[in-house]
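Heads up, the thing below is written out as structure tokens.
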Amino acid sequence: QVQLVESGGGLVQPGGSLRLSCAASGSIFSIDLMGWYRQAPGKQRELVATVTSGGSTRYVDSVRGRFTISRDNAKNTIYLQMNSLKPEDTAVYYCNAERFWSGGTYYASAWGQGTQVTVSS
């Protein structure tokens, strides 16, 4: 069974930094795309950043230049370094993995449970 486990969320002051981690466990072979999404209260879930197995990255405009996504393919783990955090970054952050095989089963998409990030003074 595949599990995506996020960690690293918390409360931080505006201008501060946090680093999120997401580890995918299970007998996983070569995840094509991994990424971070977020959902603020009363809003739809939105893409924050993605990274392919080859290392190509994509960011939503509101975080470009402040957030950095990285990936360790050997560990099936991604990270999100968040700097210069703003109150509007407050949300539950979800890890996503797309298009991979595990234990003979093909997964189009899998999600973590989410980790809360709160930016407030």
The range 1-87 - accessible surface per residue (Å², probe 1.4 Å): 54 Å²
The answer for the net charge of residues other than THR52 whose Cβ lies under 11 angstrom from its Cβ, with Lys and Arg +1 and Asp and Glu -1, is +1
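What FRET efficiency, computed as 1/(1 + (r/R0)^6) with R0 = 41 Å and r the Cβ-Cβ distance, is obtained for TYR106 and THR57, rounded to the nearest 0.05? Can you show the working numbers first?
Working: r = 25 Å, r/R0 = 0.60.
Efficiency, rounded to the nearest 0.05: 0.95.
Just need the relative contact order of the chain here, percent rounded to a whole number, with Cα pairs under 8 Å and 6+ apart.
Details: 311 pairs, mean separation 44.2, N = 121.
This gives 37 percent for the chain.
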Suppose the chain between ARG19 and GLN81 were pulled fully straight at 0.36 nm per residue; how much longer would it get relative to their current alpha carbon spacing? 21.9 nm
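If you build the convex hull over the alpha carbons only and average its shadow over all orientations, what do you get for the chain? Give it in nm² to one decimal. Could you put the intermediate results ahead of the total?
Numbers: hull surface 27.7 nm².
That works out to 6.9 nm², a quarter of the Cα hull's surface.
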What's the extension gain from GLU46 to GLN113 if we count 0.36 nm per residue and subtract their Cα-Cα distance? 22.6 nm
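The values are calculated or read from the model by the stated rules, or taken from the named source; none is laboratory data. Computed from a prediction, not measured in an experiment: that's the story for all the values here. Reconstructed Cβ throughout: ideal geometry from the backbone, glycine too, with neighbour counts over all protein chains shown. Please note that ligands, DNA and RNA were not included when accessible areas were found on the heavy atoms of the full protein model with its side chains. Shrake-Rupley method; radii C 1.70, N 1.55, O 1.52, S 1.80 Å.
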